[in-house]
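Each remark here refers to the structure printed beneath this line.
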Amino acid sequence: MTNMSPAGLPDGLPDAQDEPEPDSPSKERRLPSATFGIDIQCDDTRWQPYLVLVEARLGALAETLGLPEHGEVSVKLTDDRQISELNRGFRDKSGATNVLSFPALDFTAPSEKNDFPQMPFSLGDIVLAFDTLAFEADAAEKDFADHLVHLLVHGLLHLLGYDHQNDADAARMEARESTLLAGVGVGDPYGAANAGTEKGKAGGDKG
């Protein structure tokens, strides 16, 4: 789980399916403009059953966090191949990871309800790899949807300036994740029952 340097996803990244094919399900979903904007790009059909979940959970999280209506976040739902390319290109690391975050704003400290631009803005991009998420969920005997929501929360908090580069920052981020997950009906991934599996993953790719 990784927080990239502020920039957002630049042009030229792997994006083989910018436009939906005729008669195919739309690859982008957006919440109504009256709420914090959520753009979802689906590059792998295996994500299709989870599009509504991703949209709903991010919408609920945005409301809980008080994210302003004139902001938006982008989510790229992809596979191990594409996230491996991003991991190598932007972190100089080989192999796939579960989630990458590309903040568009540079917060000096974790920010949830303050310090946002007064004009329309992008919070950044969250990229998720289906293969790695499915493998981790199976290995930890976790529900895939719960693991997905956990990584959405983790990625979103990275965009808000949270990180886990040291023990104190990691503890603060994990505590915030657990609280937010409880609010959307997902159990604590850092609880005693998951200490041997999920806790290690949540502090995984630290860059």
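The values are calculated or read from the model by the stated rules, or taken from the named source; none is laboratory data. The structure presented is a predicted model; accordingly, all values stated were derived computationally and were not measured. Don't worry about glycine lacking a Cβ; one is built from the backbone with ideal geometry, like all the others, and counts go over all protein chains shown.
Out of (1) closer than 18 Å to His154 by Cα; (2) within 14 Å of the chain's Cα centre (by Cα), what's the single condition that is false for Cys42?
Just one mismatch for Cys42, condition (1).
Rundown of residues vs (1) at pLDDT 95 or above; (2) in contact with a helix residue (DSSP H, G or I) (Cβ under 8 Å, 6 or more places away or on another chain), yes/no style:
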residue: Tyr50; (1), (2): yes, yes
residue: Ser74; (1), (2): yes, no
residue: Arg81; (1), (2): yes, no
residue: Leu86; (1), (2): yes, no
residue: Gln118; (1), (2): no, no
residue: Phe121; (1), (2): yes, no
residue: Ile126; (1), (2): yes, yes
residue: Ala129; (1), (2): yes, yes
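Any idea which residue in the range 50-108 is nearest to Leu123 (Cα to Cα), counting only those that are surrounded by fewer than 21 Cβ atoms within 10 Å (Cβ to Cβ) and of a type in the set (Lys, Arg)?
Across the range 50-108, the extreme among qualifying residues is Arg91.
For (1) over 28 Å from Thr35 (Cα atoms); (2) of a type outside the set (A, V, I, L, M); (3) outside any helix (DSSP H, G or I), each residue gets a yes or a no:
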| position | (1), (2), (3) |
| --- | --- |
| Phe90 | yes, yes, no |
| Phe107 | no, yes, yes |
| Pro110 | no, yes, yes |
| Phe116 | no, yes, yes |
| Ala137 | yes, no, no |
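Residue pairs, Cβ under 7 Å, 6 or more apart or interchain, first in the range 44-69 and under 19 Å from Thr132 (Cβ atoms), second among the acidic types (Asp, Glu) and surrounded by 17 or more Cβ atoms within 10 Å (Cβ to Cβ). List them.
Filtered contacts from the range 44-69: Asp44/Asp79.
Surrounded by 15 or more Cβ atoms within 10 Å (Cβ to Cβ), more than 23 Å from Asp115 (Cα to Cα) and either without any contact (Cβ under 8 Å) to a residue 40 or more places away in the chain or of a type in the set (Ser, Thr, Tyr) (or both): which single residue out of Ala145, Ala170, Ala137 fits that description?
Criteria check complete, one pass: Ala137.
In the range 70-119, which residues are over 28 Å from Arg46 (Cα atoms) and in contact (Cβ under 8 Å) with a residue 60 or more places away in the chain?
Leu105, Asp106, Pro110
Given (1) under 19 Å from Val99 (Cα atoms); (2) at pLDDT below 95; (3) touching a helix residue (DSSP H, G or I) at 6+ places or on another chain (Cβ under 6 Å), where does Leu13 come up short, assuming only one miss?
(3)
For the range 66-84, enumerate the residues that are more than 14 Å from the chain's Cα centre (by Cα) and of a type in the set (S, T, N, Q).
The answer is Gln82, Ser84.
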